[in-house]
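Below is one structure, written out as structure tokens; comments come after it.
Rule-based calculations on the coordinates, nothing more; no lab input. These figures come from a predicted structure and were not determined experimentally. With ideal geometry, Cβ positions are generated from the backbone for all residues, glycine too; neighbour counts draw on all protein chains shown.
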Amino acid sequence: MDLDKIVISPRLRNGWEAIDLGVSLAREWWRILFLSWALPSLVCYLLLCALLIDKLWLAWTITWWLKPLWDRIPLYIASRLLFSGEVKLREVFKQLPSIFKTDLILALTIRRLSLTRSFDLPVTVLENLRGQVRRKRLNVLQLGNTDKAVWLTIVCFLMEMVVSFGFVAFAMWMVPQTMNVDLWDILESDAVAYEFLFNTLSFVSMTLIAPFYVLGGFALYINRRIDLEGWDIEIRFRKLEQRFEKLSSAGQG
């Protein structure tokens, strides 16, 4: 981790400013973050739909339950981009076993419904901490930030619902009023197509919101580390040291 290469201003922000920074970073890096979340989850979703054609609700539920896995990939990418590192999806996907390995079972069981998951995830994925060491680390990091992490989860969940209903409303709005067509009757005439459509809209909504959710939690984590470790002070001292060395060199010349 080279602080001299960090792409953000390493100053202390309040929790809401940190989340806003995460949203801004998600917009800037959205394409690679979106693809890194969408590609593996889409493959999983389509395979499950093909295998569970009579239980499409289960295919969607399994894909949704695996969100903590998909979230790890854009988090890993963001941690590299934050320090001006080059990231290629092909190389990232080769790293999936190492990205997924830490506390995989716990992430999909007792931690699955944690409302602070986006904030806790960097401690697991980036610091590779487990057990009691992880709990102690989180106790320090979460101080004063738990409520922000919880609200981030709630807001992103609501945004997923808004986007899903927005897709449905848009489809109904696009049907010309001059046509005597009842979209609901058409969909309900084929139960499988009806269920697949609405599950897929929900999946697309998750995919669109995921980069903002992950980066919001990541920015909260980074902001807390800046606070605890004094990154801003360290960078200032480094700059002062560099200026002093330049002045010394100039004086000797």
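Based on other C-beta atoms within 10 Å, arrange T102, T61 from fewest to most. Can you show the working numbers first?
Numbers: T102 18, T61 14.
Arranged by neighbour count, lowest to highest, T102, T61 become T61, T102.
If each of R31 and I53 carries a label point 7 Å out from its Cα toward its Cβ, how far apart are those two points in nm?
Once both label points are built, they end up 3.7 nm from each other.
In whole percent, what relative contact order does the stretch 55-148 give with Cα contacts below 8 Å and a gap of six or more residues? Before the final figure, lay out the partial values.
Numbers: 43 pairs, mean separation 26.0, N = 94.
That works out to 28 percent.
At 7 Å along Cα-to-Cβ for each site, give me the label-to-label distance between V87 and M159 in nm.
With each label point 7 Å from Cα toward Cβ, the separation is 1.7 nm.
Among the listed pairs K5/K88; K94/K136; K67/K94; K67/K101, give every one whose C-alpha distance is greater than 25 Å.
Working: K5/K88 19 Å; K94/K136 31 Å; K67/K94 19 Å; K67/K101 15 Å.
With Cα atoms farther than 25 Å apart: K94/K136.
Expected output is a single nm value to one decimal: the length gained when fully extending between L228 and F196, i.e. 0.36 nm times separation in residues minus the C-alpha distance. What is it? Can you show the working numbers first?
Working: separation 32, 0.36 × 32 = 11.52 nm, distance 4.73 nm.
Contour length minus the Cα-Cα distance gives 6.8 nm.
Quick check: the distance between the Cα centres of the stretch 65-109 and the stretch 3-54, to the nearest angstrom?
10 Å
If you stretched the chain out fully between S98 and W64, how much longer would it get, using 0.36 nm times the residue separation minus the C-alpha to C-alpha distance?
Once the chain is fully extended between S98 and W64, it gains 10.1 nm.
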